[in-house]
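To start, the structure itself, in structure tokens.
Coordinate-derived values only; no laboratory data. Just so you know, these numbers come straight off a predicted model, no measurement behind them. Here the Cβ positions follow ideal geometry from the backbone for every residue, glycine too, while neighbour counts run over all protein chains shown.
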Number of protein chains: 2
Amino acid sequence: MSLLFKHFRIHQIFGANTDVGKTILTTALVRGSAALKNRVFYLKPISTGHIEDADDEHIQRHGGPSKDKIETACLYRFHVPVSPHLAAQLAVGDESQKIVSDKTFVNSIASHLERCATQSTTPADMYVETAGGVHSPTLSGVTQLDCYRPLFLPTILVGDSRLGGISATISAYESLLLRGYIVDAILLFRDEYYRNSDYLTPYFAERGVEVVAFDAPPPIPADVAEKIASTERYYDHLVSKGGILPLLRNLDTRHEQRIAELSSMARRSQDTFWWPFVQHGLVKSEEDVTVIDSASSDFFSVHKSNTTSGSSLQSQLDGSASWWTQALGHAHPSLTLAAARASGRYGHVMFPQATHAPALQLAESLLQSGPGKGWASRVFFSDDGSTGMEVALKMALRAFSVREGLEGADRKALGVLGLRGSYHGDTIGAMDACAEEGVYTCEWHNAKGFWFDPPTVSIQQGRPVITLPPALASGAEPSDPDVTMSWVYDVAERLETPLAAVYRAYIERTLESLEKEGGPRLAALVLEPLVMGAGGMIFVDPLFQRVLVDVVRARGPAPEELNSWRGMPVIFDEVFVGLYRLGMQSTIPLLGITPDVSVHAKILTGGLVPLAVTLASDSVFRAFHGTEKASALLHGHSYTAHALGCEVANETLRLVEKETQSEAWTKARALWEPSPGTQPVVWSLWDPQFLHTVSCMDKVAEVMAMGTVLSIKFKDPEAGYVSHSAQTWLQSIKCYDPKSFSVHFRTLGMSRTL
Amino acid sequence: MSLLFKHFRIHQIFGANTDVGKTILTTALVRGSAALKNRVFYLKPISTGHIEDADDEHIQRHGGPSKDKIETACLYRFHVPVSPHLAAQLAVGDESQKIVSDKTFVNSIASHLERCATQSTTPADMYVETAGGVHSPTLSGVTQLDCYRPLFLPTILVGDSRLGGISATISAYESLLLRGYIVDAILLFRDEYYRNSDYLTPYFAERGVEVVAFDAPPPIPADVAEKIASTERYYDHLVSKGGILPLLRNLDTRHEQRIAELSSMARRSQDTFWWPFVQHGLVKSEEDVTVIDSASSDFFSVHKSNTTSGSSLQSQLDGSASWWTQALGHAHPSLTLAAARASGRYGHVMFPQATHAPALQLAESLLQSGPGKGWASRVFFSDDGSTGMEVALKMALRAFSVREGLEGADRKALGVLGLRGSYHGDTIGAMDACAEEGVYTCEWHNAKGFWFDPPTVSIQQGRPVITLPPALASGAEPSDPDVTMSWVYDVAERLETPLAAVYRAYIERTLESLEKEGGPRLAALVLEPLVMGAGGMIFVDPLFQRVLVDVVRARGPAPEELNSWRGMPVIFDEVFVGLYRLGMQSTIPLLGITPDVSVHAKILTGGLVPLAVTLASDSVFRAFHGTEKASALLHGHSYTAHALGCEVANETLRLVEKETQSEAWTKARALWEPSPGTQPVVWSLWDPQFLHTVSCMDKVAEVMAMGTVLSIKFKDPEAGYVSHSAQTWLQSIKCYDPKSFSVHFRTLGMSRTL
């Protein structure tokens, strides 16, 4: 709900502390603007204190010769001089506006700003004055910096000119910066004794922020008339000679530059970037480019150059959770603080044969209470899902080679076993672990292995359906019309069904015939458990994945070592599905099998910075253990286990675990209970009734949901990765409603995720 | 120079502002400690103000019944109540301690702490009280948080209990956190009216920090004797019932936990991590693990569990600049603030067909004034050097395939041309662009192409020498005994020499015979310009690289498109050599040729977080341009162009450019002038005289230096990646000198970098 208007400059004024002259300097700004512009607006969202001292009244009173142009407002007023959260708690009777939610509070400000802006057809300025210091609490108790953040208004910081004020000013600035605020100027009073402005001016110049010093107000005369006259003279001085007018010109320039910058970004980006997965020839015009000015929670604030009226910044729901990396929303203050803490303590420090607390804490929690619990013994760090999978493949293939005593060409000729439709990343090794089909390939892509066509799960016409691939459809039982979703995912229960036997026979037959045909020797089983994401949001029948692992393991001889992998190492690519994306920390309990290697990324760092981990069992690790450097896993990226990423991951895991205990999760899960009080095996934050309705729509072939994922597949004869039909269909919900928000989405061709 | 002693707990006390009760609460802490421990030390590094109010004297006076155990000290005392930097500037006569450098200042504190600690053989506590607020300037003008940071002492923050104090306390905490400080407790006075402690206690509990509230001091009686008695009663109350003793127990526990944690980290890490490029079988004991507690500038602060006396934290020079990622030192505050700013504004936001300011600014500066200047038109983002190279290879191979009209199997069979000893990363595609030799390989590594044995440059016995590979040694002129380093790197000048002709003929002959032999069709030339880093710090004769590019381009037909690549696209892997690692922004001017694709990472983000860019010329970009999604570059990582990394990169480029104008660089460069006043073609921060001396040593085969890189190659019959001999040799300089520092290094087998 960030707002930006061309002819209507808004600045929010924060104080480095209380009593630093915020209202005095804001009055001077308002008075200066009134002398220059057609209209000036002043808003004090919350006022506490004695009514005779109210800031809005002070400003109206001292608006100077042009005071008729000034409109002031106060949204929440309390008559006790304490912090707003306390004032709200203490408020009684007619002050019963009391505690309002942050959302209501910020919405009321946004509405007010929008109303003022649309009233003004000619240039006007607006000042929003906050209360106390930057982190003073608002009504709900959330501090101002966090509460006002969705509005993302450019700010002016009023610094502290007193003893200790250098520190107070810098710290307040840093708190603004930790929330990403634009600081257009720092204002403070001149003080000949402490000279804070002499210190702060070059300090902030180095950081690209202008500091403007003003003469301090004169001592207050005892006589009321003389007091008013003296104040008037002072404001007059500030505006005429005291520096307010040059400051206003700078603020106007900053405002214009910001708009010019935002307006040119689409074109400049089209000329400069080579976007991932984008056919530049299809980016026809500037409007096809999403210009992101800031982001907050689940929303982007995007700039539209072509708006004729209203704000040129609009809210847009991040419909794909930024490629499925987000879990806690954008710009979460706790993640920023975690990043800052690690950066401030270490920067990045090298990792081979070294250790630091963020990496160790992360590794231990992944092994002890995370997805590696009960089977993994080691954590290898890399930079993204793709590199994490390369590491996993190197681990598994080497472990297989060592046990089988393979050398030279035999090692090169190994292949993997997997499912058709899988996706493991874009580096060539990760691509080689996927079937080559369709457009998703490149010059050096050389698919190495065999991939089964998997049976899938979906909701069609309101009912869960297991769809068998052609190779199986004839041999299998027709699916039971009374199945429930909980039954479909009750793998242990289904292991004894006829369908399990059909799967088993089919897999065994296929593997035998592959051996006879002399294909590549299969050395690792690579699966995305439950859902193949980028390949088209394919919900694989979990029974098939379970039987596949069972068959592969049963075919191998019992290993000599205890607790060792059997048949071939099994890799779980949990980059997309892991860490509660599907409503469960790991897919292991549901499938009832542990892998030998697993890979995690995306949510791991809460959508802030790239980091991946590859977990391995001890038996895989042992294949590389010895006294020869040559037999070590000779893989490592420069920023391996960077402290910032590890610390952000630790904070993410903490907050996500907390989220899983939240009311929203508990309520949503309850809707998926197969019978009241019975825990659902799978569930989703999407309402099952909604799914039912959508699945019955004419154009919809099938839907499916699990955890945070909703997949809608359309009836489209031209389905495929390059299809544009979802894009067309989704235009209908993409259109912008200025009273709410639009939706940003990336379709996956055949499968569309919102 | 961070310090940690088992029996000697040190805490540094910061204030959220001036006049918040720092000295009062510190006095209570000292008095409490004195009641419990054998000795207590108090240090006020800088004191300003009237002598009768001096904090150290107040503490000595109010030490209570155990005051004989208390030792106080003040290192710099000024008699004027202003900020220390101003006091130092104003100081005259006997106050002429005046402005000292931060290094001297912090060293004097460290020496004092060490002296106190070694005096104490029995448990003791020490409190270091800072001046004013957290960011109040020290003598040099640098603020306390940055100045004291190398000491990395655990801190106590004294919060502000007044109106506005919630904000002041949180902001001060955030500033501490931005420098990575450990905050063990926040103390403040109880105030029944403003109730800041009621708010701050749960606020910080959520952030894992304990808040302790104390009764505020009573009003000061006018009578001197009564004033002293009242103060005594107050301190007595704080210690006996007011909460000081439980706080001290908590501080002791925190101290013990910190030591226990650090002492267990080596073992736990050995049990948990799978380190990159490490043979775990060779990590024999806990002492082989580098336990990094913090880092600052060029130093790690490492923990040694086996110290019998002295600090268990020791400074260690980061001798490999953390795998060559560092440019500005660890934990640089400007990079932390850049990271925080972007995180606070965006988090990460998705990038396909989108734009945000940090990415756009970075891309434009790389193209307009960075290494892409004059030839590149597009920037593709990825996560590390290896993924950046995968992208480069996909670009080049596709561009070649499209122009040559190759399809299907012909595309798969393409190879690259390069140099033996090159290294482009650890993902399998990047590995495939390197020759397979020695131990650096894996199951799916399938080297695709041909690699020349390159001629190399080094300093032997004080003289620059060009060493030719066996295939050339017979046919080439012996190298001139009078060559200078500047002449060797004057590529334009050398193009007309007989050696250039020899190179040209050899390359042409080899390429022709490769074609006849029917090897893979060569589709891209891939070079690490000037130096092959990880492959062994091989300084390649730049003339050979230049002639190689010239020959490859001359062999291709003139392209139809203007300004298009010719022969085959040329990729410069500048991940290690770029962005001033070699003292130059880019190697392009020296070589006199522009590539068609280049890759940059490592220094790009100043050693903080992973980020890579692949720059491409317009002709390469055009090969993917069209109306079919299938012909786009279908490559992208989840965190592509993450805002945090881009913003850190922007700040890094700004600071590195500034560094190149510094006195240190100018002076170092001057030593490399071939004649006074003549700019050297290549230069190093290492003194040429030092190189000369080392190159003449018995055990040294050759040395070489350029920019920040120093390479020393030893005479070793068993040379190779797996050699341990450099490690043995370097033990001699690794030993710890408690008065200075030790050196952390990673040797490269055949080549050793410091």
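In summary, the lysines within cross-link reach of A:Lys22, defined as a Cα separation below 30 angstrom excluding same-chain residues under 8 places away, comprise A:Lys6, A:Lys37, A:Lys44, A:Lys67, A:Lys69, A:Lys98, A:Lys103, A:Lys227, A:Lys241, B:Lys22. For the pair B:Glu407 and B:Glu517, a Förster radius of 22 Å applied to the C-beta separation gives a FRET efficiency near 0.40, rounded to the nearest 0.05. Rounded to whole numbers, the Karplus 3J(HN,Hα) couplings from phi for the stretch A:603-611 are 4, 2, 10, x, x, 10, 9, x, 6 Hz, using 6.51 cos²θ - 1.76 cosθ + 1.60 with θ = phi - 60°, and x at Gly and Pro. The slack in the chain from A:Leu562 to A:Tyr193, taken as 0.36 nm per residue of separation less the alpha-carbon distance, amounts to 125.2 nm. Remark: for residue pairs A:Lys373/A:Lys448; B:Lys394/B:Lys516; A:Lys448/B:Lys448; A:Lys412/B:Lys412; B:Lys602/B:Lys715, the C-alpha separation exceeds 19 Å in A:Lys373/A:Lys448; B:Lys394/B:Lys516; B:Lys602/B:Lys715. Translational diffusion of the stretch A:222-267, estimated by Stokes-Einstein from the Kirkwood radius over alpha carbon pairs at 25 °C in a medium of 0.890 mPa s, is 187 µm² per second.
Inter-copy label distances at B:Thr693, using a point 7 Å along Cα-to-Cβ, come to 8.2 nm with the shortest given first. For the stretch B:377-658, the Cβ-based charge dipole about the Cα centre amounts to some 340 debye (Lys, Arg positive; Asp, Glu negative; other atoms uncharged). For the protein assembly as shown, the share of DSSP beta bridges that are antiparallel, to the nearest 5, is 45%. Taking amide H atoms as placed 1.01 Å from N in the peptide plane, the amide H of A:Ala612 lies under 5 Å from those of A:Ser382, A:Asp383, A:Asp384, each 5 or more residues away in sequence or on another chain.
Extending 7 Å from the Cα toward the beta-carbon at both A:Ser474 and A:Arg555 defines two label points whose distance is 2.2 nm.
FRET efficiency for A:Leu282 and A:Gln461, Cβ-Cβ distance as r, R0 = 22 Å, nearest 0.05?
Given R0 = 22 Å and the Cβ-Cβ separation, E is 0.05.
For the protein assembly as shown, the normalised intensity computed at q = 0.04, 0.09 Å⁻¹ comes to -0.27, -1.37 (log10 of I(q)/I(0), Debye sum over alpha carbons, equal scatterers, no solvent). Given +1 at the Cβ of Lys and Arg, -1 at the Cβ of Asp and Glu and no other charges, the dipole of chain B around its Cα centre is 560 debye to the nearest 20. Can you work out the base-10 log of I(q)/I(0) for the stretch B:377-658 at q = 0.10, 0.14 1/Å, using the Debye formula on its C-alpha atoms alone? So the normalised log intensities work out to -0.53, -1.05. Indicate, rounded to the nearest 5 percent, the antiparallel portion of the DSSP beta bridges found entirely in the stretch A:133-233. Percentage antiparallel, nearest 5: 10. Label-to-label distances for B:Asp198 across copies, nearest first, come out at 4.4 nm, using points 7 Å from Cα in the beta-carbon direction.
Counted by neighbouring Cβ atoms within 10 Å, the residues A:Asp55, A:Asp252 run from fewest to most as A:Asp252, A:Asp55.
Give the aspartates and glutamates whose C-alpha is closer than 18 Å to that of A:Lys629, dropping any in the same chain fewer than 8 places away, or say none. Partners found: A:Glu407, B:Asp288, B:Asp426, B:Glu436, B:Glu437, B:Glu443, B:Asp716, B:Glu718. Starting from the label point of A:Glu210 at 7 Å along Cα→Cβ, the same points in the other copies fall at 4.9 nm, in ascending order. Each DSSP beta bridge with both residues in chain A is either parallel or antiparallel, and the antiparallel ones are about 45%.
Calculated from the alpha-carbon coordinates, the stretch B:8-258 shows an Rg and a Dmax of 17.3, 51 Å respectively. Cross-link partners of A:Lys658 among lysines, defined as those whose alpha carbon lies under 18 angstrom from its own and excluding same-chain residues fewer than eight positions apart: A:Lys667.
Taking the Cα centre of the protein assembly as shown as reference, the dipole from Cβ charges on Lys and Arg (+1) and Asp and Glu (-1) amounts to some 300 debye.
Candidates A:Ala266, A:Thr26, A:Leu43 compared by Cα position along the dipole of chain A: farthest toward the positive end lies A:Thr26, with charges placed on Cβ. Considered as an equivalent ellipsoid built on the Cα gyration tensor, chain B has semi-axes of 59, 28, 23 Å, the largest given first.
Checking every one of the trypsin sites (Lys or Arg not before Pro) in the stretch A:227-289 against DSSP loop status and a limit of 15 other Cβ atoms within 10 Å picks out A:Lys241, A:Lys284. A simple spin-label model places the labels of A:Gln679 and B:Glu256 3.7 nm from each other, with each point 7 Å out along Cα-to-Cβ. Between A:His79 and A:Gln368, the contour length at 0.36 nm per residue exceeds the Cα-Cα span by 98.7 nm.
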